[in-house]
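Here the structure comes first, spelled out in structure tokens, and everything after it is commentary.
Please treat every number below as a calculation from the coordinates, not as lab data. Because the structure is predicted, anything quoted here is derived from the model rather than measured. In this analysis, Cβ positions are derived from the backbone assuming ideal geometry, glycine residues included, and neighbour counts consider all displayed protein chains.
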Amino acid sequence: MFGFIIQRLLATIPVLGMVAVFVFLMLRLTPGDPAAVLAGDNGTPEQIEQIRQSLGLNEPLLVQLGIWVGNLLQGDFGQSYFFKKDVAELILLRVEPTLALAITTLILTIAVAVPIGVIAAYKHGTWIDRAVMAFSVAGFSVPVFVLGYILIYVFAMEVKLFPVQGYKEISDGFWPFLHRLILPSITLSVIYIALIARITRASVLEILGEDYIRTAYAKGLTPSTVLRKHALRNAAVPIVTVIGIGIALLIGGVVVTESVYNIPGLGRLTVDAVLGRDYPTIQAVIIVFSFVYVVINLLVDLTYSLLDPRIRY
Amino acid sequence: MTDAPTQPILEIDNLTIDLPEGNDRRHAVDGVSISVGPREIVCLVGESGSGKSVTAFSIMGLLPKGQLTPSGGAIRLMGENVLEASEERLRELRGARMSMIFQEPMTALNPTMTCGDQIEEVLTTHTDLDQATRQTKILDILEQVQLPDPPRMAASYPHQLSGGQRQRIMIAMALVLEPVLLIADEPTTALDVTTQEQILKLMKEIQKTHDTAVLFITHDFGVVAEIADRVAVMQWGKVVEEGSSEAVLKRPQAPYTRMLIGAVPSFTPHGRPREAKAPVVLATDGLCKTYGGGGFFQRARPVHAAQDVSLEVRRGETLGIVGESGSGKSTVARCIARLIDPTSGHIYLDSDDIAQASQSRLRSLRRRVQIVFQDPYRSLNPRRTVGASIVEGPMNYGMSGAAAYERARELMSLVRLDPTALDRFPHQFSGGQRQRICIARALAMEPDLLIADEAVSALDVSVQAQVLELLDDIRRRLDLAMLFITHDLRVAAQVCDTVAVMHRGQVVEYGDAASVFSDPQHDYTRALFAAAPGRGFDFGGALASG
């Protein structure tokens, strides 16, 4: 088990290396010049050239790559062109909102999706099952930004239960913090609830046909105990897999949701950095995200062995 | 058996259970009355579809809702009609007053809970015992079902135990609260004969010490002869004969019972003369198959699935490979068909050594060896017509579609099926018919060697007898060499000319069927014979003479 973890962590090094080189080259191959953006609409060609010089953008590509990777290995993500700050510092400032949004979304997703999936499986073929499935299809179909604006319109502007936009740090108090995260979390979680409820239903439905479920009923257990103790845990592996993929996809969803709700998180940082051709920031954000993917995948694999004693590493 | 004044533990009175609309018959169970007295073992015998399992599940109230509904009669457990009991009352009864063990110990236990926890669940559901008492009770019952090292067993997960051990866990779980009634649904069918013998013995012992009434569902008259006090035979949802074990087995009255008992293959070999000069179709020489052996990152211990297996089959003859699960008999068959690659040794088909033949050479050899597999329900593609399944092979080897279908029609008559049924799908056929189709599919390739891998094990005895007879007829007519893999000694006695007994990857005894059966040399062969249920009772012979 311990050896497995070490092995997997070591395997992240080449993955991150490839991601680094790939992102670096892709950014340079796409059109757009950071110096032109920085110089603004009225910048003269001389000013632009001067900025290029000072940012080191005139060096050959491989030299630029070498300098960047060299700094990276020393833990230095470089300076943001646009924000004129250390990229590392910039990311740290933006982590909290994104992490908070991701966690509340995840909690909401699991708390809703797993129970309705299990109930749909248990009541399969009834109107409850059909309602859950209908919600699932609808949840898949509505784009995040459409749902975001609808929720804002209904719950923030008409009913005035929640603020329209904005973010408060957790140090400003837990309720203001949570209050502003509710609508964004609902917006972001609907599609994952749809996805995970479906997978849960399918997985539990399959397990409910197993012989040991019949054994459990023959012991005199109540349906809820059978579902919780016998069905759900055996059905969990595919569910956890999809939750893992969901967390990875969440990062994509965060970009849109943060824009809709004006939350100053990593998603917004990414959008701003891309618009400003802020190469060091884009590169750093993508590397951080890739690392998170790899770690989530590792955690998912480790969870398998907790859930199913037959899986051992 | 029952003492005069005592009330029966279980009394099924004129029970009728409806099938959903659109089935071939209206009732799954039709006016069945059976009673089980205190300390009595009643066997409910029948073939698949007879309604025996439905009856058992209705007692537990575990029938699938909306599909099977009891519509008449009563099931009284100690006088209480369980058909009228509420869901809550039924839950109180299940596991405490009546409990059940199932056919497949491999799948009947939850793979994610330890065995101890699964037994404990019965205790926590039905009693208020404290943790320490529960533990003592668990260890005590594990001891009683004769599992070695009870604390370790309690801490084990099901996948860490063998089939026999798992069935003991099931029995422990069923008996931990001393129920008055134990329902056993084919509890030994999935087990090897030697394990089956031990489990039957255990059930008899434990039934005595616990004073439990047992309703034992089985299709196997050998098992009936071993364990039953009384027998009820079911056909088409009705009880056709009931009586003491002795009376039903020795003097069956109903024609159906007579047919069933007559269909049980006899232990006496068929005694067909062998033709000494027939050419050898298949010979293996020192065939070995080793799995694992530890890669760079693993430290797996190598498993010798087959070791130094040397056999031969002559044209027109049947070689039986007999053994229990894990003995390596299927491994040998798969190596011969080159579905898996042997580790070392030679396989001669006529004079070609195919043991290490390349994939391209194998293509032309494949036609010459064909297999019929165990489970006819899973070995035909459900989405293709049976005709398409039969002609696929020959057409793959260049036969024209019209010729292949013509051949398929001939084969359908050869296996005694309607030649016009080629455009039907597998689900429209019964298990026995599907196995005939599998045989036709194999024969379509005009093989030199036909391998039957447990080909009749999944079939009911009466169907089994017909398929065995068909296989024998085909072997004779086409002068085929046949390799017959089975765990069932009775079946082997009926079809094989020579027999190889396998144990832990090795052939421990190999010779003429007549001599192996009449005078087994190896200890393991003797143990295997001794374990066969109903050995004191020569079914096929009993009826022929009686």
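Provide the packing ranking of B:439-451, A:50-62, i.e. peptides ordered by the mean count of other C-beta atoms within 10 Å per residue, highest first.
Packing order, densest peptide first, comes out as B:439-451, A:50-62.
Using a Förster radius of 30 Å, what is the FRET efficiency between A:Gln53 and A:Phe291 based on their Cβ-Cβ separation? Nearest 0.05, please.
Efficiency computed from Cβ-Cβ geometry: 0.40.
Please list, ordered by chain and number, the residues whose modelled amide H lies under 5 Å from the amide H of B:His27; skip anything fewer than 5 residues away on the same chain.
B:Leu19
For segment B:444-459, list residues with backbone N below 18 Å from a point placed 7 Å from the Cα of B:Asp352 toward its Cβ?
Only B:444-451 fall inside the zone, counting backbone N under 18 Å.
Which far-off residues, 5 or more places away or on another chain, put their amide H under 5 Å from the one on B:Ile340, with H placed in the peptide plane?
HN-HN under 5 Å from B:Ile340: B:Cys335.
Near B:Lys277, which lysines are there with a Cα under 30 Å away, not counting those fewer than 8 places off in the same chain?
Once the sequence-local lysines are set aside, what remains near B:Lys277 is B:Lys329.
So for segment B:62-140, taking the charge dipole from beta-carbon charges (+1 Lys/Arg, -1 Asp/Glu), which of B:Met106, B:Ala74, B:Leu123 sits furthest toward the positive end?
B:Ala74
In debye, nearest 20, what is the charge dipole magnitude of segment B:157-206 about its Cα centre with +1 on Lys and Arg Cβ and -1 on Asp and Glu Cβ, if you could check? Before the final figure, lay out each step's value.
Numbers: 4 positive and 6 negative charges, 25 e Å.
Magnitude of the dipole: close to 120 debye.
From Cα pairs below 8 angstrom and at least 6 apart in sequence, can you work out the relative contact order of chain A, rounded to a whole percent?
Relative contact order here is 26 percent.
Could you give me the ³J(HN,Hα) list for segment B:255-265, computed from phi with Karplus coefficients 6.51, -1.76, 1.60 and θ = phi - 60°, whole Hz, x at Gly and Pro?
x, 5, 4, 4, 4, 4, 5, x, 7, 5, x
Between A:Trp175 and B:Glu143, what's the calculated FRET efficiency when r is the beta-carbon distance and R0 is 51 Å? Round to 0.05.
With a Förster radius of 51 Å, E is 0.30.
For B:Gly116, what charge total do you get from the other residues with a beta carbon under 15 Å from its beta carbon, if Lys and Arg give +1 and Asp and Glu give -1?
So the surrounding residues net to +1.
Could you tell me the distance between the Cα centroids of segment B:135-185 and segment A:8-54, to the nearest Å?
The two parts, judged by their Cα centres, are 67 Å apart.
Say R0 is 51 Å: what FRET efficiency, to the nearest 0.05, do B:Ala74 and B:Gln428 get from their beta-carbon distance?
0.85
Can you tell me the orientation of helix A:127-141 relative to chain A, as the angle in degrees between its alpha-carbon axis and the longest Cα principal axis, to the nearest 10?
Roughly 10 degrees, rounded to the nearest 10.
At what distance in nm do the modelled label points of A:Gln165 and B:Glu205 sit from each other, each positioned 7 Å from its Cα along Cα→Cβ?
Here the answer is 7.9 nm between the modelled labels.
GNM on chain A, C-alpha springs below 10 Å: top fluctuator among A:Leu275, A:Leu151, A:Leu29?
Judging by the Gaussian network model, the answer is A:Leu29.
A:Ser224: net charge of surrounding residues, Cβ under 15 Å, Lys/Arg +1, Asp/Glu -1, itself excluded?
Value of the local net charge: +3.
Need the list of aspartates and glutamates near A:Lys229 for cross-linking: C-alpha distance under 18 angstrom, and skip anything on the same chain fewer than eight residues off.
A:Glu206, A:Glu210, A:Asp211, A:Asp308, B:Asp117, B:Glu120, B:Glu121
Mind checking the angle between helix A:61-73 and chain A's longest principal axis? C-alpha axes, 0 to 90 degrees, to the nearest 10.
Approximately 60 degrees, to the nearest 10.
Determine the dipole magnitude for segment A:36-134: charges of +1 sit on the beta-carbon of Lys and Arg, -1 on that of Asp and Glu, nothing else is charged, the reference point is the Cα centre, and the result goes in debye to the nearest 20.
Details: 6 positive and 9 negative charges, 120 e Å.
I would put it at about 580 debye.
Using alpha carbons only, how many degrees (0 to 90, rounded to 10) separate the axis of helix A:233-261 from the longest principal axis of chain A?
Result, in degrees: 40.
Compare A:Leu161, A:Leu188, A:Leu269 in a GNM of chain A, Cα atoms joined below 10 Å, and give the one with the largest fluctuation.
Top of the fluctuation ranking is A:Leu161.
On a full-extension model of 0.36 nm per residue, what is the gain between A:Leu9 and A:Val69, subtracting their alpha-carbon distance, rounded to one decimal in nm?
Going from the current span to full extension adds 19.6 nm.
Hand me the GluC sites (Glu not before Pro) from segment B:1-105 located in a DSSP loop with no more than 14 other Cβ atoms within 10 Å, in residue order please.
Passing sites in segment B:1-105 are B:Glu21.
Counting helices only, and only those DSSP H runs with n ≥ 4, report the 222 nm mean residue ellipticity of chain A as the sum of -39,500 (n - 2.57) divided by its residues, in deg cm²/dmol to the nearest 500.
So the helix-based figure for chain A works out to -25000 deg cm²/dmol.
Among A:Ser259, A:Ser171, A:Ser224, determine the one that fluctuates most according to a GNM of chain A built with springs between C-alpha atoms less than 10 Å apart.
The residue with the greatest mean-square fluctuation here is A:Ser171.
Residues with amide H under 5 Å of B:Cys43's amide H, sequence separation 5 or more or different chain, H placed in the peptide plane at 1.01 Å from N; which?
B:Phe216, B:Asp229, B:Arg230, B:Val231, B:Ala232
Quickly estimate the mean residue ellipticity at 222 nm for chain B, helices only: each DSSP H run with n ≥ 4 gives -39500 (n - 2.57), and the total goes over all residues, rounded to 500.
Theoretical 222 nm ellipticity from helices: -11000 deg cm²/dmol.
Under a point-charge model restricted to the Cβ atoms of Lys and Arg (+1) and Asp and Glu (-1), what is the dipole moment magnitude of segment A:161-298 relative to its Cα centre, in debye to the nearest 20?
Charge dipole, segment A:161-298, about its Cα centre: 480 debye, nearest 20.
Which listed residue (A:Met18, B:Leu215, B:Val322) has the Cα farthest towards the positive end of the charge dipole for the protein assembly as shown, taking +1 on Lys and Arg C-beta and -1 on Asp and Glu C-beta about the Cα centre?
Towards the positive end, the residue furthest out is A:Met18.
Between B:Glu21 and B:Thr127, what is the spin-label point distance in nm, taking each point 7 Å from the Cα along the Cα→C-beta axis?
Result for the modelled spin labels: 4.9 nm.
Which net charge results when you count Lys and Arg as +1 and Asp and Glu as -1 among the other residues whose beta-carbon is under 13 Å from that of B:Leu339?
Local charge sum for B:Leu339: +2.
Under 29 Å Cα to Cα from B:Lys238, which lysines show up? Leave out anything in the same chain fewer than 8 places away.
A:Lys219, B:Lys52, B:Lys65, B:Lys204, B:Lys250
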